[in-house]
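Values in this text are rule-based calculations from the coordinates and carry no lab data. Since this is a predicted model, take the numbers as computed values, not measurements. Glycine gets a Cβ as well: all are built from the backbone with ideal geometry, and neighbour counts include every protein chain shown.
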Amino acid sequence: MTKMALIVFSGELDKALATFVLATGAAASGWDVTLFFTFWGINIVRSENKCALEKKDVMSKMFGAMMPKGCESLPLSNMHMMGLGTSMMKKRMKGKRVKSLKEMIADAKELGVKFLVCDMSMDVMGLQKEEFIDEVDEIVGVGTYLKEAKDAQVTLFI
C-alpha cells in the first residue's frame with residue numbers, strides 16, 4: 001500500500017487547505033495517510049469550544065489566548081488584511097462549491113486519515129489533550145511520526 005506522511009507545521013488557512021486536499025485525495029485513492037500536527041499546525045486541530053481540564057500557568061494562558069482556536073479561526077498566509085482576505089477566500093470557496101476546511105477535516109477522518117499531535121509542541125504551547133477536536137487519534141512524540149514516515153513513499157512538510 002502506498003503511504004503518505006505529512007508534517008503539518010503551518011497554522012495558516014491556505015496551507016491547511018493544501019494539506020487536506022492532498023490527504024483526502026491520497027486517502028480516497030487507497031493510500032495510508034498520516035498527518036503529524038506540530039508547532040503552529042496544532043491550531044488546526046484545536047477545538048473551538050473545548051477547555052483544558054487542568055489549571056494553566058500564565059504563559060500557557062497567554063499562548064492559548066494569542067493562537068487561533070480551531071480551523072475556522074486560521075488566517076491566510078498572504079493577503080490576510082486583518083481578516084478581510086480570509087473572509088473573501090472563504091466566500092469565494094463557498095461560491096465555487098469548494099468544501100470548507102472543517103468539511104475537509106471530517107472527510108479526511110472518514111477516509112481513515114490518521115491525526116497525530118506532537119506532544120512537545122503541545123507542551124511548549126501550554127495545550128492539553130482535552131483541547132483538541134475528536135478527530136485527533138493520538139498525542140505522540142516525533143519517534144512515532146518517524147516510524148510512519150520511514151515506510152512512506154511521499155513525505156511532505158507543510
As computed over the stretch 5-69, the Cα convex hull volume per residue (Å³): 99 Å³
Expected 222 nm ellipticity per residue - DSSP helices of 4 or more, -39500 (n - 2.57), all of the chain, to 500: -11500 deg cm²/dmol
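Considering only the other residues whose Cβ falls under 12 Å of the Cβ of V136, what net charge follows from Lys and Arg at +1 and Asp and Glu at -1?
On the way: positive: R46, K50, K109, K114, K129; negative: D119, E130, E131, D134, E135, D137, E138.
Once positives and negatives cancel, what remains is -2.
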Those aspartates and glutamates that a straight Cα-Cα span of less than 16 Å connects to K99, excepting residues fewer than 8 apart in one chain: D14, E72, D107, E110
Most fluctuating residue given options F132, F63, F37, as computed from a GNM of the chain linking Cα atoms under 10 Å: F63
Relative counts (whole %) of C-alpha pair distances in the chain, using bins that are 10 Å wide: 11, 41, 34, 13, 1
Per-selection Kirkwood Rh - the stretch 54-122 (Cα, Å, 1 d.p.): 14.7 Å
Among K102, K15, K91, residue whose mean-square fluctuation peaks in a GNM of the chain (springs only between Cα atoms under 10 Å): K91
Relative contact order (%) - criterion: Cα under 8 Å, at least six apart; region: the stretch 27-158: 38 percent
Choice from E54, E135, E103 showing the highest fluctuation, given a GNM over the chain with Cα pairs closer than 10 Å: E54
Over 27 Å (Cα to Cα) - which of K56/K109; K15/K55; K55/K147; K96/K150; K55/K91; K15/K114 fall in this group: K56/K109; K15/K55; K55/K147; K96/K150; K55/K91
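Which of the peptides 106-116, 136-146 is most tightly packed, and how do the rest follow, going by the mean number of other Cβ atoms within 10 Å of each residue? Provide the component values of the computation, followed by the final result.
On the way: 106-116: 18.5, 136-146: 15.0.
Top of the packing list down: 106-116, 136-146.
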